[in-house]
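*Asks:* My questions will all concern the structure given below.
The values are calculated or read from the model by the stated rules, or taken from the named source; none is laboratory data. Since we're looking at a predicted model, the values are computed, not measured. Quick reminder, even Gly has a Cβ in these numbers, built from the backbone with ideal geometry, and neighbours come from all protein chains shown.
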C-alpha cells in the first residue's frame, strides 16, 4: 500500500520527490501585487510526483498543462511558490549556492528547442566541456569531446562547429551529450522529439533508450505525444491545466485509462492502420486559458461525464487501482464505459448539420 | 546561414539542411570572416565607406611621413595664402600649411573619437550588464545614473566637465566618453534583458554556472555585435563633438591642429582667405560620410535583423 | 472514396520546376514535379523538412519568397487555365476565389489590427468586380457570420467584432478556414494547418476539414510531415523526397503495402507502444544537397536496397503494386536492378 501517488510499493528513497508543488506567476510588477487581488497564471497547482532511480516517468499534457513549468521548477530554474522538492534525499527547495550547484551535477535538463539552448558563440567542443569547467571536475574524471560525441553517435568533426551550423537532430544530440558529461542520475527531457523529422525522432528515442540501458539514468520525459511516452516510459502522469489528473504504470494508463481526458488523449493518438474516415473528434472544446481555469474540476466543461459535483468540488488523486491514481469524481463510471460516449464524439460544431 | 526559402512548416529550408555535412564553406571560420568583408565591399556604400575609413586611418598613422610640413611650422612670409605649389591647400593666418595641419588633425580626430567611443562602450557595457543581469536595486541605480547624465544637453555637460577638469587631450576624451556612454549603457541593458531570457542562458544555469560565468561567456559575446555597430556609427559624431569643442576653444590647446581649431582660427579670416574653413569642413564632411557608410554596411552584414532602408545601397 | 471521378482533375501539375537564388547560386529545389489533385478528393502531400513540399504548395499560387521563381512546367486549373503563364493581375483573381490557402500559424495569417468581420468582408470585397457599396458590405458581413457558424464557431456575431488576439488558437484556425471558404473556391491548399495545434484540437480541425470537404465537394491539397494525419483524412497521398515525388497512390494501398523504400522506412519509424523495448527503425544519412549535380536516385545513399544502378541512373516512374506511381529501380521490371539481391525485410 503506497502512501503517495506513484511510489512503487517497496523502494529506497526516491531519486526525485516533488510534493504539492505550485508555481504561480502573478500579473504585473512588484507594485501590482500589493494593490489588487492576486491575479495571474497558476501554471502548476499542487503537483506531487516521484521518480525512482533508473525509472522513466513520462509527463503528458497539451499546452497550458504546466508540464514544462513543472520540470523547470523541479530543477530550480523557476521559482516555486509552494511545495517542496527533494533530490537524492536532500531538500533542495530553497537551496542555493554551492549546494544547489552540487545538485545540478546530478540532475540535468535537455531543452525543447535544440538550437536555442546552445550558446550561439561557442563551439560544440566548448559547449561539451563547459560542465566540467563549471564544476571543477579534474581531468581524469572527464569524458573527452570525442567520447561524448561518440556516445550520441555524432561524427568527431562536428566538434569545431557552431550551433547554427548543425541540423536540428545534431543540435539535439549535442544537448544530450552535454547532459551526459557529468554522468547525471536524472535527465529531464523536454519534448525530445519535437520538430524532428520522423526518421530523426526515431533515432533520438533509440539513443535515449540505449543510454538508459547502459547507464541506468532516470528520465523525466515531457511530451504531448502519448506514443513517444508509450515507447519509453515506465510510469505516466497526465497533466491538465496545472494538475495531475491521472498517474500510473504506462501499461495501465494505456489499457485502462480512468480519466476522461486521458481517454481523449489516447483516442487522439493517430492510428495508422485503420482509416478513421468516420471518426469524429475525441473531445470537444478547447483548453481554457490557465489564467482563468474553470472551478472545481478543470476539465468539467469539456467532460461528458460531468455532474454538479464536478463544477464545485476539486477532485483529489485517489488510488483507484493498485498504483494507478486518478483525480475524478466519476472514475468508476468512466471505467465502466467501454468506449467514448457519443457526447464526446462530434466536435463542438453546429457545422452544417446544426 | 543562407536561406533557400521558408516552408509552411515554419522552419526555413536552409541551405545548411540540404547541404551535406562535409561542406567546407560552412565550416571554416576564416571563410566566414572573409565572407563578411567581401559582403561589405560589395555594396557601393560599403566600398566607399571602407576606402574612406581606411584612407583616414593610413593618413593618421603616417601623418609625419605624409605631411609636407610640421603642424606648428610658422612661415611669417606667407600668411593666408591660397592653394599654391608649396602649400597645396593654402596657409592660415600664421602661415602654417593647412594641408599639414589637416593631416595631423586627422590623427587627433581619430585618436579622440575612437578612444572616447571605445571607453564609452566599455563603461556603458559594464553598467548595462550589471544593471540588466542583476536587476533590482543595482538596475535602478544604473538607470537613474544614466538618465541623469542623459538629461543634460551634451554640450552643457561637456562644457561643465571641461571647465572643471581643464582642457587637454585626455580630458577631452573623458568628456566625450561620458556624454556617449548612457547610450551604450541603455542599449546593452536592453540587449542583456533580452538575451537573459534566451534558452541557452537557462541551460547554463541548469548546468550550475554562476552569474559571473554566464555574464562573461554567454551574455557579453552575444550582445557586442550591435554595440560595435553603434560604435562605428558614433565615431563620426565623436569627431564632430571634438571639432565642436575645439572650435569653442575647449579642445586641444594650440598649436595642436584639431580640425575644429582649424575651423575656429579660419573663421576669423574667412572673407580674405576662406581656405581653412573650406578644407577643414570638407575634411569633416568626408570623414563623417565615410564612417557612416561604413557603419551602415557593417550593420547590414553583421545583423540582418537591423537592416533598414539604406539610401546607400544600389 | 466518395467524390472522386476518374479523369476529373481539379489541379494538374506538369513538370513543375522551382528555383531559388541564394547568394549568387541557383538551387533547383523542384526539378520537375508531376502531381494531380482530383476533384472532390483530399490529396496528402507528405515529406520531411527539405523535401520541397511547402515550396510546391506555395508555387501553385506563386507565393514563393522573393528569391524563388517558377522555372518551368504547367499548373493547370480545372483542365483549362495554366496558372504558371498567367499575369500577376490574372493570378490575383484566382487567389482566394478559385484556389484558397490555409497556413500553419493562424495568428500570423490574420491582421492583428483589424476585426475579424472587417477582414472577412475585405476578402470578399477585394474580388468584387464593381465598386463596393454599403449594401454589398452588409451582405458580405452576413455571409461571414454564416460561414463562421458553419466552421463550428459558437456566437459568430460576437466573433466578427473581435480582434484576432482575443480568440484562442483553435478559434483562429477556424476563422482562417472560414475566410478561405468565403469565395467558394474549388480547391483548398492547406500547408501544415494543424502542426502547431494540440493533439485534441488537431483532431477537431481535421474532423472539420473532412466535414467541409464532404459538404462542398471541395478538393484539398493537404501538405504535412505527419503520416498519421494523412492516414486520418486523406484519400490519396503523394510522398516527397528531396524535391521529387517518390510514391503516389490511394492512402490505404500505400500505407498497407508501401512500394518505395522511403515510404516503407517512414512508416516503420513511427514510435508506438507496440515497439516497447525494441529499437525503432531509423533512416541513416542525410537529405542530399540540392546544390550540386544529382545523379541517380536521390534516396539511394540511404536506401537499404541500394545497388550500383541506383547511384548511376535515375529511376523511372512506374506503376507498382497498388501504387499509381513509384520512382524506384527495385519496382521497375525493365531496369537493370538485380532483383535477386533484395534483402528480406
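*Asks:* Taking the range C:39-88, which residues are more than 9 Å from chain B (Cβ to nearest Cβ), assigned to a helix (DSSP H, G or I) and out of contact with any strand residue (DSSP E or B) (no Cβ under 7 Å at 6 or more places or on another chain)?
*Replies:* If the condition is that a residue be more than 9 Å from chain B (Cβ to nearest Cβ), assigned to a helix (DSSP H, G or I) and out of contact with any strand residue (DSSP E or B) (no Cβ under 7 Å at 6 or more places or on another chain), then C:85, C:88 are the ones that fit.
*Asks:* Please go through the range C:89-103 and give me each residue that is in contact with a helix residue (DSSP H, G or I) (Cβ under 9 Å, 6 or more places away or on another chain) and either within 23 Å of residue C:8 (Cα to Cα) or part of a loop (DSSP other than H, G, I, E, B) (or both), ordered by number.
*Replies:* Once the filter is applied, which keeps residues that are in contact with a helix residue (DSSP H, G or I) (Cβ under 9 Å, 6 or more places away or on another chain) and either within 23 Å of residue C:8 (Cα to Cα) or part of a loop (DSSP other than H, G, I, E, B) (or both), the range C:89-103 yields C:91, C:94, C:96, C:99, C:100, C:101, C:103.
*Asks:* Hey, which of the helices (runs of 4 or more DSSP H) in the range A:81-163, taking only ones fully inside, have at least 3 residues that are modelled with pLDDT of 90 or more and either closer than 19 Å to residue B:214 by Cβ or more than 9 Å from chain B (Cβ to nearest Cβ) (or both)?
*Replies:* A:124-134, A:145-151
*Asks:* Next up: Looking only at the range A:310-344, count how many residues are part of a helix (DSSP H, G or I), out of contact with any strand residue (DSSP E or B) (no Cβ under 9 Å at 6 or more places or on another chain) and either modelled with pLDDT of 90 or more or crowded, with 21+ Cβ neighbours inside 10 Å (or both).
*Replies:* Final tally of qualifying residues: 3.
*Asks:* Would you check if residue C:213 is in contact (Cβ under 8 Å) with a residue 60 or more places away in the chain, outside the structural domain of residue C:313 (by TED's automatic domain parsing) and surrounded by fewer than 23 Cβ atoms within 10 Å (Cβ to Cβ)?
*Replies:* Working: in contact (Cβ under 8 Å) with a residue 60 or more places away in the chain: yes; outside the structural domain of residue C:313 (by TED's automatic domain parsing): yes; surrounded by fewer than 23 Cβ atoms within 10 Å (Cβ to Cβ): yes.
The answer is yes for residue C:213.
*Asks:* Here is a list of conditions, (1) more than 10 Å from chain A (Cβ to nearest Cβ); (2) in a helix (DSSP H, G or I); (3) touching a helix residue (DSSP H, G or I) at 6+ places or on another chain (Cβ under 6 Å), and residue C:206 meets all of them except one; can you say which number that is?
*Replies:* Going through (1) more than 10 Å from chain A (Cβ to nearest Cβ); (2) in a helix (DSSP H, G or I); (3) touching a helix residue (DSSP H, G or I) at 6+ places or on another chain (Cβ under 6 Å) one by one, residue C:206 breaks only (1).
*Asks:* Tell me which of these residue C:168 doesn't satisfy, since it passes every other one: (1) in contact with a strand residue (DSSP E or B) (Cβ under 6 Å, 6 or more places away or on another chain); (2) modelled with pLDDT under 90.
*Replies:* (1)
*Asks:* If you don't mind, there's one more thing I want to ask. Could you list, in sequence order, all residues of the range C:172-203 that are within 14 Å of chain B (Cβ to nearest Cβ), assigned to a helix (DSSP H, G or I) and touching a strand residue (DSSP E or B) at 6+ places or on another chain (Cβ under 7 Å)? So that I can check it myself, show each step before the final result.
*Replies:* Going through the range C:172-203, the residues within 14 Å of chain B (Cβ to nearest Cβ) turn out to be C:173, C:176, C:180, C:188-197.
Retained after the next criterion (residues that are assigned to a helix (DSSP H, G or I)): C:173, C:176, C:180.
Residues satisfying the conditions are C:176, C:180.
*Asks:* Going by what's in this entry, would residue C:77 be described as touching a helix residue (DSSP H, G or I) at 6+ places or on another chain (Cβ under 8 Å), surrounded by fewer than 19 Cβ atoms within 10 Å (Cβ to Cβ) and not assigned by TED's automatic domain parsing to the domain that holds residue C:267?
*Replies:* Numbers: touching a helix residue (DSSP H, G or I) at 6+ places or on another chain (Cβ under 8 Å): yes; surrounded by fewer than 19 Cβ atoms within 10 Å (Cβ to Cβ): no; not assigned by TED's automatic domain parsing to the domain that holds residue C:267: yes.
So residue C:77 fails the test.
*Asks:* Another question, if that's okay. Residues C:155, C:136, C:122: which one is without any contact (Cβ under 8 Å) to a residue 40 or more places away in the chain and either on the phi > 0 side of the Ramachandran plot or outside the structural domain of residue C:209 (by TED's automatic domain parsing) (or both)?
*Replies:* Selected residue: C:155, the only one of C:155, C:136, C:122 that is without any contact (Cβ under 8 Å) to a residue 40 or more places away in the chain and either on the phi > 0 side of the Ramachandran plot or outside the structural domain of residue C:209 (by TED's automatic domain parsing) (or both).
*Asks:* Also, I was wondering about something else. Which of the numbered conditions does residue C:106 fail, given that it passes all the others? Conditions: (1) in contact with a strand residue (DSSP E or B) (Cβ under 7 Å, 6 or more places away or on another chain); (2) surrounded by 19 or more Cβ atoms within 10 Å (Cβ to Cβ).
*Replies:* Every condition holds for residue C:106 apart from (1).
*Asks:* From the list C:225, C:235, which residue is over 20 Å from residue A:225 (Cβ atoms) and either in contact with a strand residue (DSSP E or B) (Cβ under 6 Å, 6 or more places away or on another chain) or touching a residue at least 24 places away in the same chain (Cβ under 8 Å) (or both)?
*Replies:* Just a single option satisfies the conditions, and that option is C:235.
*Asks:* Further, regarding this structure: Can you name every residue in the range C:144-156 that is more than 10 Å from every other protein chain (Cβ to nearest Cβ) and either more than 21 Å from residue A:288 (Cα to Cα) or under 26 Å from the mean Cα position of the chain (by Cα) (or both)?
*Replies:* Selection gives C:144, C:145, C:146, C:147, C:148.
*Asks:* Scanning the range C:16-32 for residues that are surrounded by fewer than 20 Cβ atoms within 10 Å (Cβ to Cβ) and within 17 Å of the chain's Cα centre (by Cα), which turns out nearest to the other protein chains (Cβ to nearest Cβ)?
*Replies:* C:17
*Asks:* Moving to a separate point now. Go through the range C:318-341 residue by residue and tally those that are free of Cβ contacts under 8 Å to residues at least 24 places away in the same chain and within 15 Å of residue C:244 (Cα to Cα).
*Replies:* Of the residues in the range C:318-341, the ones free of Cβ contacts under 8 Å to residues at least 24 places away in the same chain are C:318-319, C:332-334, C:339-340.
Checking which are within 15 Å of residue C:244 (Cα to Cα) leaves us with C:318.
Going through the range C:318-341 one residue at a time, the tally reaches 1.
*Asks:* If you don't mind, there's one more thing I want to ask. Hey, any hits in the range C:271-288 for a residue that's surrounded by fewer than 19 Cβ atoms within 10 Å (Cβ to Cβ), closer than 30 Å to residue C:41 by Cβ and within 12 Å of another protein chain (Cβ to nearest Cβ)?
*Replies:* yes
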